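Every number here is computed from the coordinates shown, using simple stated rules; none is lab data. Because the structure is predicted, anything quoted here is derived from the model rather than measured. Ideal geometry is used to build each Cβ from the backbone, glycine not excepted, and the neighbour counts take in all protein chains shown.
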Amino acid sequence: MRARTLVACVTSVLLAGLMACSGTTDGGAAGSVAGLPVTHFQSGLRSDAPTPSLDVQNVSDNEADRIATATIADVEDYWSKQLPDDFGVGFQPVSSLLSYDSNGANQQNGCGNTQKNVNAFYCGADDSVAWDRGVLLPTMIKQFGPLSVVTVLAHEFGHAVQFRLQAKAGITRTTPTIVKEQQADCFAGSYYRWVVEGNSRYFTVSTAEGLNAALSSLFLVRDSAGTSAQDRQAHGTAFDRIFAFQLGFEKGPKECAGINMQNLQPRLTERPFDPEDVNGGTIDIDDQTVGLLKESLDAAFAGAKAPAPKIVDGTGACKGGPATPPASYCPANNTVNIDLRALAKLGRPVDQGAEFRGRTDGGRGDFAALSEIASRYALAIQKGVGASLDNANAGLRTACLVGAWAAAANNLTDTKLRLSAGDLDEAISDLLRPDSLVAADVNGKRVDAGFNRVEAMRMGFLQGSSPCSKEYG
Ligand SMILES: [Zn+2]
């Protein structure tokens, strides 16, 4: 986020759709995940998983290697059926597999030395997949659980699939990195659906906590904020990557192979920092920022003709009403009560390095804190147009409206707050947390599936507020 110096009047094009919003029925989008039931169980390696018959060079018997090897065996099962079925191409396993310890003895493959290479990668030069079982994989497992390894290696194997498809995936020597990365994330998503549907001999994944873990680990391997999508190394922001993953999950590998620069460009959010952004686009969450936020929200939601709520600094809870600190919407007096100190703490910049090592001070970035306030404000707008506030659809509608506000704050040249690089990823990271308010109803209750929360926010961001009430009526 950054503050702007321009002041001007704003005509809002938002919320035309929400005006038509009427009563509520629960269920619909909240009751399923891309057409599959919402499930809760321990996700990961099956207790009855077979021992993969794969030749992995330098392999150990640690947990990271066991999960990595099972993942390769599993994606090979998946693609050995999918490549012939969807593309008429016979499946060929990768030529070799390599496990290494980036802190241990050096190994080599077609892409060079492994020493100090904290990574997992597909190497096109010798058609191999390699992974760091010493540092990268154990760190990921510790922080995000075993599915993080599955996600990363399914993505890497996606590059091997690309290598096999070539022209059938539109891949040439000049294909930009971001297209290849989006396809690989999409292929990983399509594989995950197959697992979720119970086809895997190795893994089980629930659509609630299981998929949440898969999506959160895409966030972990995102590019640093401020990378341009044209950059050769661009993997995409978490927002862009989750889009690709969900596309594959919902529509399958053919759709993934159809991703190209033309259809990608309009939805891509990755961009370099604006030269006007100071402090890497970071602002403090204080009285002044909250004032700017209020102006931005008032402008974005003016079209709803609903009474705008007051934002007051207090305990973050309503007297005798909802208590969802650090911010609560109080319907009784149309007020958003915030705990500014707690939000300032929450709004501190994300330390990606510390986050990766499992040590953070709780900072989720300025946009995460502002989104939490915006979500409570969005409840006031919903109340103003007669929508319900206390069910799953209210939570998803809230996430959708926060997305619509973020896009408006980004696009209206005369609002005082606008997004900077990395802001959307802060919102996504916040959204996937169990205690996030962004997709929560007035009582702080949220739908279990992060998949649905992200989808709702993205819908608002890409399409504005009209679909928010249609989809989550
Ligand atoms: Zn990649």
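Stretched out fully, how many nm does the piece from residue 172 to residue 251 gain, at 0.36 nm a residue minus the Cα gap?
Details: separation 79, 0.36 × 79 = 28.44 nm, distance 2.36 nm.
So the extension gain works out to 26.1 nm.
What is the gain in length, in nm to one decimal, between residue 305 and residue 81 on full extension, counting 0.36 nm per residue of separation less the C-alpha to C-alpha distance?
Values: separation 224, 0.36 × 224 = 80.64 nm, distance 5.40 nm.
Once the chain is fully extended between residue 305 and residue 81, it gains 75.2 nm.
Could you sort out which of 345/416; 310/383; 310/470; 294/416; 383/470; 81/254 sit more than 18 Å apart by Cα distance in this structure?
Details: 345/416 23 Å; 310/383 14 Å; 310/470 27 Å; 294/416 10 Å; 383/470 16 Å; 81/254 13 Å.
Those over the limit are 345/416; 310/470.
Please report the net charge: other residues with Cβ closer than 14 Å to the Cβ of residue 343, K and R +1, D and E -1.
Numbers: positive: 294, 341, 345, 348, 364, 376; negative: 284, 286, 287, 313, 339, 366, 372, 426, 430, 435.
Neighbour charge sum, excluding residue 343 itself: -4.
Find the all-direction average of the projected area of the Cα convex hull for the stretch 69-153, expressing the result in square nanometres with one decimal place.
Details: hull surface 23.0 nm².
Projected area, direction-averaged: 5.7 nm².
In the stretch 138-203, what GluC sites (Glu not before Pro) fall in a loop by DSSP, with at most 15 other Cβ atoms inside 10 Å?
Details: sites: 156, 181, 197; in loops: 197.
Qualifying residues, ordered by number: 197.
Computed FRET efficiency, Cβ-Cβ of residue 462 and residue 105, R0 45 Å: what is it to the nearest 0.05? Don't skip to the answer; put the middle values down first.
Working: r = 48 Å, r/R0 = 1.07.
The pair residue 462/residue 105 has a calculated efficiency of 0.40.
What translational diffusion coefficient, to the nearest whole µm²/s, does the stretch 143-191 have by Stokes-Einstein, given a Kirkwood radius computed over alpha-carbon pairs, a temperature of 25 °C and 0.890 mPa s viscosity? Please list the in-between numbers first.
Working: Rh = 11.2 Å.
In µm²/s, the coefficient rounds to 219.
Could you tell me the calculated FRET efficiency between residue 345 and residue 36, based on Cβ-Cβ distance and R0 = 35 angstrom, to the nearest 0.05? The partial results should precede the final answer.
Working: r = 37 Å, r/R0 = 1.07.
Efficiency for this residue pair is about 0.40.
What are the principal axis extents of the Cα atoms in the stretch 395-473, in Å, biggest first?
35, 26, 20
Which distance in nm do the two modelled labels at residue 58 and residue 315 give, with both placed 7 Å along the Cα-to-Cβ direction?
Distance between the two pseudo-spin positions: 5.9 nm.
What distance in nm separates the two pseudo spin-label positions at residue 92 and residue 334, each 7 Å out from Cα along the beta-carbon direction?
Here the modelled spin labels are 6.8 nm apart.
Give the shape of the stretch 114-220 as rounded, prolate or oblate, defined through the alpha-carbon gyration tensor: a ≥ b ≥ c are the square roots of its eigenvalues, a/c under 1.5 means rounded, and otherwise the shape is prolate if a/b is larger than b/c and oblate if not. Don't jump to the answer; show the numbers that get you there.
On the way: a/c = 1.98, a/b = 1.24, b/c = 1.59.
Cα axes put the stretch 114-220 in the oblate bin.
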